[in-house]
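Structure first, then comments.
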Amino acid sequence: MKRRDFFLRTAGAGLGLSAVASLGGLHPLMARPAMAAAADMAAVRGGEPNVMFDRAIAAMGGMGRFVKKGQKVVIKPNIGWDVPPDRAANTNPLLVKRIVEHCFNAGAKEVLVFDNTCDAWTKCYRTSGIEKYVREAGGKVVPGNTEGYYQEVEIKNGKKLKSAKVHELYLEADVIIDVPVLKNHESTKLTIAMKNLMGVVWDRRYWHRNDLNQCIADFAGFHRRPDLVVVDAYNVMMRHGPRGVSKSDVVNMKAQIVSTDMVAADTAAAKMFGTDPASIRYIRLAQEMGVGTMDLSSLNISRIKI
Amino acid sequence: MKVHRLKIMRIVLSLFFLIITSLLFLDYRRIIPDSWFHVILSLQFVPSLLKFSTLLSLSAFGFLVVLILSFLFGRIYCSTICPLGIMQDVTAWLSRKMRSKKNRRYHHAKAHNILRYSILGITVAALLFGSTWLLLLLDPYSNYGRIMTYFLKPVVVGLNNVLASLLQKKDIYTLYPVSIPAVKAAVYAVPGAILVLTLWMSATKGRLYCNTVCPVGAFLGLISKVSLFRFRINKTACTSCRLCEFSCKSACIDLKNMTVDNSRCVTCFDCLDSCNFGAISYTVRRPAASVKEPELVPVTPAGKKKDFDASKRAFLLGTVAFLAGAARISSAKEYPKNARPTTIPEEKEFPVTPPGSISIQHFTDHCTACSLCIDACPSDVLQPAFLQYGLAGMMQPVMDYHAGYCNYDCVRCTEVCPTGAILPLEPEAKKLVQMGLAVFVKESCVVFTDETNCGACAEHCPTKAVHMVPYKDDLVIPETTDDICIGCGACEHACPTEPFKAIYVNGKNIQSVAKKPKTEKLENPLEDTEDFPF
């Protein structure tokens, strides 16, 4: 789909929706009163990944707030490494599955999942459990392994990253859900929502050799941003990230943060991790570029303990 | 029309072996389970022999089976198991289909004894002196493997890529494009020459290659001279119609002298099928003088021009698909390089051999460059060597960390290698095999030259042999710990500097065992609380 078509289509969808809303909300999800009081961010602790997501998305106003009937949803988990789920190098597969289910419940036409992995992609998809769980929920697992899938786009406000090759699905999707796993990262300190988007671009080496932190912030400032961010902090890799060496690097934090703002999500997740968000350069840079806010007190946060 | 039972059996078996062997090389999606490779390839003569020479165990018994089969029945290996031989049967069959009935005939010819036994002799002598080079060049199984890898697989992958891109437009992702790694032109030389030679020889002269060039053919031919079952002509029954001679793709039936050169016979049983009088037999002893009732059955089926056209179309289609697929892959646009190109070359003392290959010596001595591991490797890190092992080692696989890196949990190459050049490893053992050591060149590192954080190497390191340590201000820079480094090349592959990497792996002449990465207990700041720090 061309960018213009995309704008036209989203604009059309928006008009349609407002029309429906003005009619008094015929759809049960639209009629839900929680919609008005929907949180900017939901933080959950103490449950299993799927249960925490059920609670968090309800607090955010339900998946219907983000996914409309007939839409094409792209979910971008972290599937970077050929390691099993308990090593917490990849997003928890159970969480990804639950998100796919919520998308279909909200009427999504298609739910597609991919990552441009670091280790051999077929092995990552399999070992992470994500391929199996997504298929079980009826979603499609899409490869991100060939340059042919990636289209060059301009990054208008980028300081170091002026252009990038972005996976066509990321550009075509009606809804993008960014589902990172919170974990240690030896050079950027933490990898969360913004850093997870490195997996939708082709040439990561360019980022590494041209000021990694600035490039992460630059891409976060790209006009097409995730509509929803779900930070998986169920199992958290506290050191040796992003790949980890063994299970001893992982703690069972049982937490989750859901937000519409990547900067806010990364800020809250960093705090959960015990790291000062201001010490992470790309978070600061992204806030300065106006991508989002680090000021959590300005947000309506729903804190849920299970 | 009745076809001889033995001929049918031979055709069915040979096609079965040809197809399953080819699939091992063409399985670009890597669906075939690792454990099948050994079973399927166990009867390949040279690989099995080499494996036996390493393991000295009867688990590599395949070559013995082939020897026994040869002593009993002649060159069964050549007719039903050897993929290069069967490929030539297919070409010969196709080329005969294209010709008029008369031109379809084979004729008896003299054996090229000097040539075939010289090649065999030199190959064996070289082997005794410890050089497997000629074996690498001439082993028919390995040559077939290379033909599959370097010629047919790109066509198959190209077709896949075209189909994948068509389906992708409809949001169907069951097929996915697969990259065709660029290989040095020189690597195509040997398999290309063998391909042309075998195609030409088989199209014109049947199994001439197998009886002049192939050392395995010559060797098994020697055994077949004394095999229990042999082809014999019953002089009383024979009418000298020469149908058997015309059908013999080994040109080994001499009707003038009523003899069959069993050393060149590849036991295809076509002659049995051709004879209308039962005058040629495949028996243990000389046939009794009694003459069989002549069976008046028509001879070989007439060829149809149509078959050839279909294959021509398929070939054209394949070529087009390959070119289109290749174009799609190579259309990649160049990206901006680093602001300051690195100037310090990677000084690799030794190339890196696959895990479980013991040493460069062991590896190069046992590998016949069949390229199966190159196809099986899910990370594309195994690539045919150019001159890394010297001229004699061209085409033998080398760990190419610019192409990929060795997946930490993967032991596939060790599972599939049929020659014992790469020995089987348990995954836990493989994680400790030190194939090489990472060398960090600080002066080339982005952190040093640009004073920005990078850490791609440490990110990818599975053991944290490469880790980041404080440098200036907020910067961290890589540091390496040799004793836990396994030389997997993840750091080198991930390193973004160009043209030379700031971290690279120097191979080890002899592989050793690395220490296990440290695992210490961890404290969780939030594990016991249920609170939110915001």
For a quick check: sort B:Ile477, A:Ile257 by the number of other beta carbons within 10 angstrom, fewest at the front. B:Ile477, A:Ile257
Compute the orientation-averaged projected area for segment B:360-513 from the convex hull of its Cα atoms and round it to one decimal in nm². 8.9 nm²
Distance between modelled label sites at B:Phe151 and A:Glu168, nm, 7 Å Cα→Cβ extension: 3.4 nm
With N residues in segment A:152-306, what two-decimal value do you get for its Cα radius of gyration over 2.2 N^0.38 Å? 1.00
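Figure the gain on full extension for B:Ser118 and B:Glu349 (residue separation times 0.36 nm, minus the Cα-Cα span) and round it to one decimal in nm.
Contour length minus Cα-Cα distance gives 79.4 nm.
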Computed [θ] at 222 nm, helices only, for chain B once each DSSP H run of length n ≥ 4 contributes -39500 (n - 2.57): -12000 deg cm²/dmol
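Averaged across the residues of A:135-141, what count of C-beta atoms belonging to other chains lies within 10 Å of each residue's C-beta?
Mean partner-chain Cβ count within 10 Å for A:135-141: 1.
Can you give the Rg to Rh ratio of segment B:159-225, both from alpha-carbon atoms, with Rh computed by the Kirkwood formula?
Details: Rg = 20.3 Å, Rh = 15.7 Å.
When Rh is taken as the Kirkwood radius, the ratio is 1.29.
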Taking K and R as +1 and D and E as -1, what net charge do the other residues with C-beta under 13 Å from the C-beta of B:Ser250 add up to? +2
For the protein assembly as shown: span of alpha carbons on each principal axis (Å, largest first): 108, 62, 45
Modelled FRET efficiency - R0 45 Å, B:His402 with B:Lys102, Cβ distances, 0.05 increments: 0.20
Using r as the Cβ-Cβ distance of B:Ile20 and B:Ala126, and R0 as 41 Å, what FRET efficiency do you calculate, to the nearest 0.05? 0.85
Measuring from a point 7 Å past the Cα of A:Asn105 along Cα-to-C-beta, which residues in segment A:130-163 have an amide N at less than 17 Å? A:134, A:136-139
Evaluate the relative contact order of chain A (contact order divided by residue number), counting alpha-carbon pairs under 8 angstrom at least 6 apart; express in whole percent. 22 percent
Compute the projected area of the convex hull of the Cα atoms of chain B, averaged over all viewing directions, and report it in nm² to one decimal place. 32.3 nm²
Virtual spin-label span in nm between B:Thr519 and A:Asp86, 7 Å along Cα→Cβ: 1.0 nm
Could you tell me what a quarter of the Cα convex hull surface of segment B:76-204 works out to, in nm² with one decimal place? 12.1 nm²
How many nm is it between the label spots at A:Glu154 and B:Thr174, if each spot is 7 Å from the Cα in line with the beta carbon? 4.1 nm
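Could you give the length gained on full extension between B:Val39 and B:Leu6, defined as 0.36 nm per residue of separation minus the Cα-Cα distance, in nm? Display every interim value, and only then the final one.
Numbers: separation 33, 0.36 × 33 = 11.88 nm, distance 2.43 nm.
Contour length minus Cα-Cα distance gives 9.4 nm.
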Which whole-number percentage describes the relative contact order of chain B, with Cα contacts under 8 Å and a sequence gap of 6 or more? 17 percent
Distance in Å, no decimals, from the C-alpha centre of segment B:149-167 to the one of segment A:126-194 is 26 Å
Principal axis box of segment B:5-283, alpha-carbon based, largest edge first, Å: 71, 48, 33
Report the relative contact order of segment B:360-513, percent, no decimals, based on alpha-carbon pairs under 8 angstrom and at least 6 residues apart. 24 percent
Residues other than A:Val291 with Cβ under 12 Å of its Cβ, Lys/Arg counted +1 and Asp/Glu -1, net out at -2
In debye, nearest 20: dipole of segment A:39-110 around its Cα centre with unit charges on the Cβ of K, R (+) and D, E (-)? 300 debye
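I'd like the FRET efficiency for B:Leu166 and B:Gln361, computed as 1/(1 + (r/R0)^6) with the beta carbon distance as r and R0 of 60 Å, rounded to 0.05. Let's see the in-between values first.
Numbers: r = 49 Å, r/R0 = 0.81.
Computed FRET efficiency for B:Leu166 and B:Gln361 comes out at 0.80.
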Using a 10 Å cut-off around each Cβ, can you sort A:Val153, A:Val229, A:Val175 from fewest to most neighbouring Cβ atoms? A:Val153, A:Val175, A:Val229
Given all pairs of different Cα atoms, what value in angstroms does the Kirkwood hydrodynamic radius of segment A:33-305 take? 18.1 Å
Quick check on segment B:1-60: take the gyration tensor over C-alpha atoms, sort the square-rooted eigenvalues as a ≥ b ≥ c, and tell me if it's rounded (a/c under 1.5), prolate or oblate. oblate
Between 0 and 90 degrees, rounded to the nearest ten: what's the tilt of helix B:113-128 against the longest Cα principal axis of chain B? 30 degrees
Which angle from 0 to 90°, rounded to the nearest 10, does the C-alpha axis of helix B:62-73 make with the longest principal axis of chain B? 0 degrees
Among segment A:108-151, those whose backbone N falls under 11 Å of a label point 7 Å along Cα→Cβ from B:Arg29 are none
Shape call, segment B:41-151: gyration tensor on alpha carbons, a/c limit 1.5: prolate
Centroid-to-centroid separation of segment B:93-147 and segment B:457-534 [C-alpha atoms, Å]: 51 Å
What helix-only [θ] at 222 nm does chain A give? Using -39500 (n - 2.57) per DSSP H run of at least 4, over all residues, to the nearest 500, the answer is -9500 deg cm²/dmol
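Just so you know, all these numbers are worked out from the coordinates, no wet-lab data involved. Small disclaimer: the values here were computed from a predicted structure and weren't measured. Using ideal geometry, Cβ is built from the backbone for each residue, glycine included, and neighbour counts are taken over all protein chains shown.
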